[in-house]
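Since the structure comes first, as structure tokens, the remarks are kept for the end.
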Amino acid sequence: MSATTPEVAAVHTKSLTYRYGGGHMSATMRARESSEPKLLDVNLQIEPGSRVLVAGANGAGKSTLLSILGGQKMVDREQCKIFGRPVFHDSTLNGERTYCGDWWRTNFFHNLSAAEVIGEERLKTPRVQRLVDILQLNVSWRVNSISDGQRRRVQLLDALAEEKEVYVLDEITTDLDLYAREELLNFLRQESDERGATVLYATHIFDQLSTWATHFLFFSGGKVRKFCRFEEFQEYHALVEAQTRVPLYMLIKQWVHEEYPETAPMEVDEPAYPAVDGHVIEMKNMSYRYAEGLPVALKDCSFSFGRGARVLLIGANGSCKSTAMSILGGKLLVPRGGAEVLGKDCFNDGTLQDVMYCGDWWRSNFFMNLTVREVMGKNADTARTKHLAEILQVPLEWRINNLSDGQRRRCQLLEILATPRPVYLMDEITSDLDLYARDGVLKFLKTETETRGATIVYCTHIFDHLDGWPTHLLRLSKGQVVTNAPIDQIPEYAELINGGNLTPLCSLVRNWIYAEYGQDQESKPWRALDTSLDGRRPNLGLAGPIAG
């Protein structure tokens, strides 16, 4: 029977149970010491052509299910099948299924370009060319010398380059801006509508997804709590009828919060930061290029913010948000007087110790298997650390080198936030967090501004949870400031709210970014051959040559 025969389910699980250290529940494995089940009695039947949104808290079982469906873990033949064939034991499924969720971590590419990774034959197909434009991917990028986010886009292109019948996709859009995320989901919608492909997509980002998915699947403690068609999703439709702001996010947030113990507000036993004369953060006519001969990245940027501001920094991929954040964080060599924090030069003043910059993530195993407690040092037992550890769900006994990328990022966030600072510069810190941790971190930061006078710049592509959080909005486009205003003074935002829009902030950013990409579609600047990307271009976070 062919894969497209309607009588055969695209995905069928029967009493699927899985535990790490014990694998499937065979008699041999039962005798071994093993973990608690990560999946327990999962029964699903998903018809071809479905688009399934998979949600749940961190550790609920989403990634375990998707990795099983991707053929990455051995389970009993009868417990999990795709088109009637066992997902692990039948290798012919690899021609009909693609799995994307284990991200490239090591530099084994010998400085290959993205074009060389994809291959000449695949690269010239209309399908791959369309994906290149969606992902804004320059095929001359050298895989070993680009950022983690850019490398993920290359891997995503590689995973989607060929037509498949089933797409198993685990957190694939965390590094994409709103345009690329939405257009990629539109691409997958077309695969589903026109070819009958089945898509399972696990994510913690719910912007615009209620109109994309045909089915909703929610995991709780390894079990299926909810599986239904979206038109039958009564809890969601009740919130829409009640005109609830960001209804899908609010419902999932409620369910995810039920997974965790109640976290008491942190007792603020730390003094407020001193009053500041003038600006806390200021950039004045700043331009920057990464090396001589490269085009200017940041162009004549000027902005300033005072004590207690919560600044939301937005812009499309490539708008130089991370460059601006790296300059403010003292990570890039710039001319004196161009960027100051608390009245001190960001790079050149060695006495500036009051800035917390979070954007360079731990990548290598240099901890010699230390526990989180050992990494935290004297901060391990403070009330602040205890509160943050509960929010981030980080046991201090975890050993850093044994953790997944997402768990390690949570440990790094804990270590960074455990020391109070008057200035926080946070570049895409919540992309790996579930709704509970993301909400908790943002509430914590908001309290820091309201009770202690901290100033925060927060850069993100995720907007479904941010209405009411920022005091100011700073938007960059192609290295230039195009919007800099208190959020309550932005006319378009007020119009969306007054018009009853249920996702006003996301809609505002979407309108801006789509307009920007609309102007770029003719020129396609990402397609320009970039001969500078030969492996010698400095990474963000490293001091490099300056531009006046």
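The values are calculated or read from the model by the stated rules, or taken from the named source; none is laboratory data. Just so we're clear, the structure is a prediction, and the values are computed from it rather than from any experiment. Here the Cβ is made from the backbone with ideal geometry for all residues, glycine too, and neighbour counts use every protein chain on show. Surface accessibility is based on the protein's heavy atoms, side chains included, excluding ligands, DNA and RNA. Shrake-Rupley method; radii C 1.70, N 1.55, O 1.52, S 1.80 Å.
Here are some notes:
- Put simply, of THR211, THR244, THR174 the only residue that is assigned to a loop (DSSP other than H, G, I, E, B), of a type in the set (Ser, Thr, Tyr) and under 28 Å from TRP104 (Cα atoms) is THR174.
- Pairing each residue of the stretch 328-343 that is farther than 12 Å from ASN285 by Cβ with any residue that is assigned to a strand (DSSP E or B) and of a type in the set (Asp, Glu), provided the two are 6+ apart or on different chains, yields C-beta distances under 8 Å for ARG336/ASP345; GLU340/GLU282; VAL341/GLU282.
- Flag for ASP427 being in contact with a Cys (Cβ under 6 Å, 6 or more places away or on another chain) and either charged (D, E, K, R) or under 29 Å from SER210 (Cβ atoms) (or both): yes
- Just one of the numbered conditions (1) open to solvent by 10 Å² or more (accessible area, probe 1.4 Å); (2) at pLDDT 95 or above is not true of TYR260: (2).
- Set side by side, the residues GLN190, GLN155, GLN129 differ, and just one is assigned to a helix (DSSP H, G or I), in contact with a Leu (Cβ under 9 Å, 6 or more places away or on another chain) and not β-branched (Val, Ile, Thr), which is GLN129.
- Candidate set from the stretch 216-234 (those that are in a strand (DSSP E or B) and open to solvent by 10 Å² or more (accessible area, probe 1.4 Å)); member that is farthest from LEU248 (Cα to Cα): LYS223
- Residue pairs meeting the criteria (Cβ under 6 Å; at least 6 apart or on separate chains; first among the basic types (Lys, Arg), in the stretch 62-81; second in a loop (DSSP other than H, G, I, E, B) and open to solvent by 10 Å² or more (accessible area, probe 1.4 Å)): ARG77/HIS89
- Which numbered condition LEU312 fails, given (1) open to solvent by 10 Å² or more (accessible area, probe 1.4 Å); (2) touching a Ser or Thr at 6+ places or on another chain (Cβ under 8 Å): (1)
- Residue count for the stretch 495-533 satisfying the condition of being in a helix (DSSP H, G or I), open to solvent by less than 40 Å² (accessible area, probe 1.4 Å), at pLDDT below 90 and over 16 Å from ILE134 (Cβ atoms): 0.
- Residue in the stretch 182-194 that is more than 17 Å from the chain's Cα centre (by Cα), open to solvent by 20 Å² or more (accessible area, probe 1.4 Å) and basic (Lys, Arg) present: yes
- A single entry from LEU332, LEU328, LEU370 fulfils the requirement of being modelled with pLDDT of 85 or more, in contact with a strand residue (DSSP E or B) (Cβ under 8 Å, 6 or more places away or on another chain) and surrounded by fewer than 17 Cβ atoms within 10 Å (Cβ to Cβ): LEU370.
- Single residue of LEU445, LEU474, LEU435 found to be touching a residue at least 12 places away in the same chain (Cβ under 8 Å), closer than 18 Å to GLY329 by Cβ and surrounded by 21 or more Cβ atoms within 10 Å (Cβ to Cβ): LEU474
- Count - residues of the stretch 235-257 that are open to solvent by 40 Å² or more (accessible area, probe 1.4 Å), at pLDDT 90 or above and over 21 Å from the mean Cα position of the chain (by Cα): 8
- THR483 fulfils the conditions (1) of a type outside the set (Phe, Trp, Tyr); (2) outside any helix (DSSP H, G or I); (3) farther than 23 Å from VAL276 by Cα; (4) modelled with pLDDT under 95 except for a single criterion, (4).
- For the stretch 373-403, residues that are open to solvent by 50 Å² or more (accessible area, probe 1.4 Å) and under 22 Å from GLY101 (Cβ atoms) total 3.
- Every residue from the stretch 378-422 that is farther than 18 Å from TRP362 by Cα, in a helix (DSSP H, G or I) and not aliphatic (A, V, I, L, M): LYS378, ASN379, ARG384, THR385, LYS386, HIS387, GLU390
- Among the residues making up the stretch 404-420, those that are more than 27 Å from THR64 (Cα to Cα) and open to solvent by 10 Å² or more (accessible area, probe 1.4 Å) are GLU415, ILE416, THR419, PRO420.
- Those residues of the stretch 104-118 which are assigned to a loop (DSSP other than H, G, I, E, B) and open to solvent by 20 Å² or more (accessible area, probe 1.4 Å), in sequence order: TRP104, ARG105, THR106, ASN107, PHE108, HIS110, ASN111, LEU112
- Some residue of the stretch 272-292 being over 30 Å from VAL334 (Cα atoms) and either under 24 Å from the mean Cα position of the chain (by Cα) or not basic (Lys, Arg) (or both): yes
- Yes/no for THR98 being open to solvent by less than 40 Å² (accessible area, probe 1.4 Å) and not in a helix (DSSP H, G or I): yes
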